[in-house]
1. Provide the descending list of Cα extents for segment 23-153 along its principal axes, expressed in whole angstroms.
2. Which is the longest stretch in the chain that no exposed loop site breaks, taking sites as chymotrypsin sites (Phe, Trp or Tyr not before Pro) with a DSSP loop state and at most 10 other Cβ atoms within 10 Å?
3. Over the chain, with a Gaussian network built from C-alpha contacts below 10 Å, which listed residue (Pro206, Pro185, Pro129) shows the highest mean-square fluctuation?
4. Leaving ligands and nucleic acids out of the surface, order His200, His6 by accessible area at 1.4 Å, largest first.
5. Describe numerically, in nm with one decimal, the distance between label points set 7 Å from Cα along Cα→Cβ at Glu133 and at Ala161.
6. Within straight cross-link reach of Lys56, meaning Cα distance under 20 Å, which aspartates and glutamates are found once same-chain residues fewer than 8 apart are removed?
7. Computed from the mean reciprocal separation of all distinct C-alpha pairs, what Kirkwood hydrodynamic radius does segment 8-237 have, in Å?
8. Between Asp52 and Lys3, how high is the FRET efficiency from 1/(1 + (r/R0)^6) when r is the Cβ-Cβ distance and R₀ = 30 Å? Nearest 0.05.
Amino acid sequence: MNKLQHKWALVTGASRGVGLRVAKALAQEGCQLIVHSRKLDNTREVVAKLSDMGTKVYPVAAELESTGELENLIQQVRDISGNHLDILFNNAAIMTPWRELFEPTIEDYARSYLVNSIIPAKLCDAFLPAMLERDWGRIVNVTSGIADQPNLMAYSCSKAALDRYVRDMLPTLAGTNVLMNLLDPGWLRTDLGGPEADNHPDSVIPGALVPILCDKNEGSGHLYQAQDYAENEPFARG
Ligand SMILES: NC(=O)c1ccc[n+]([C@@H]2O[C@H](COP(=O)([O-])OP(=O)(O)OC[C@H]3O[C@@H](n4cnc5c(N)ncnc54)[C@H](OP(=O)(O)O)[C@@H]3O)[C@@H](O)[C@H]2O)c1
């Protein structure tokens, strides 16, 4: 039987880009899916497609720039999964505007820290305890390989804060079968990555599933690079 058969998975930002590809791939692995976006309308297509494949799939909506919507999101996920979330794919994020050197604003930092680090951290906090109790869980926090781009400093610092959350949770996870890792999807031609990016968003599969399919002995705290597992033809997919 498939390793992930009937596992409950939440994919945030599942309406497009990386999250859409991951939701489809997890459905093919036999997962039961909770797909998140800002509006139910935005996941309507993926819900229809996955339902047609015979997958149990439930849409949830939450604007993650609003802390008020977080508790409701967590409660919905608990209700849908019977408080049994197995896989958390923390993917939704925002890019900050390109700014002149030294000009990123406080608002850029505040918005990106909220959506890209604080909300993902609080989703981990919400679902880790039950995963630890059952001694099974897989959390993938989507980070970024962005480097040396001070014009996007607020975005890159928000990802660094998420990386640090993973690192400092390692002692808590040690010896358990609850694995929390980081994924860098590579530079992709999505709405966030822009049209100039090197890679087609489809190239994120199969790499994005590696930290979910891995065994207990592979442990937590690793940075997986999705492009290490992709075909080496960046523009071949159109
Ligand atoms: N693309 C790249 O080159 C690249 C490189 C490195 C890392 N990453 C990381 O990969 C992840 C996915 O990026 P992507 O390129 O797939 O992005 P994308 O195509 O722009 O998709 C973003 C997803 O996040 C959701 N989202 C955006 N803002 C939100 C908000 N305020 N509240 C709730 N949901 C929100 C969107 O939902 P709606 O459809 O409802 O708006 C959408 O599903 C992100 O963590 C990003 O930082 C991307």
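The values are calculated or read from the model by the stated rules, or taken from the named source; none is laboratory data. Source: prediction; values computed, not measured. Cβ: placed from backbone, ideal geometry, glycine included. Neighbour counts: every protein chain shown. The area values use the complete protein model at the heavy-atom level, side chains included, leaving out ligands, DNA and RNA. Shrake-Rupley method; radii C 1.70, N 1.55, O 1.52, S 1.80 Å.
1. Cα extents, longest axis first: 50, 34, 28 Å.
2. The answer is 103-234.
3. With Cα springs under 10 Å in the chain, the top fluctuation among Pro206, Pro185, Pro129 is at Pro129.
4. Numbers: His200 30, His6 115 Å².
Listed by decreasing accessible area, they come as His6, His200.
5. 2.9
6. Cα-Cα hits under 20 Å: Glu29, Asp41, Glu45, Asp79, Asp86.
7. Numbers: mean 1/r = 0.0563 Å⁻¹.
Kirkwood radius, segment 8-237: 17.8 Å.
8. Working: r = 24 Å, r/R0 = 0.78.
It comes to 0.80.
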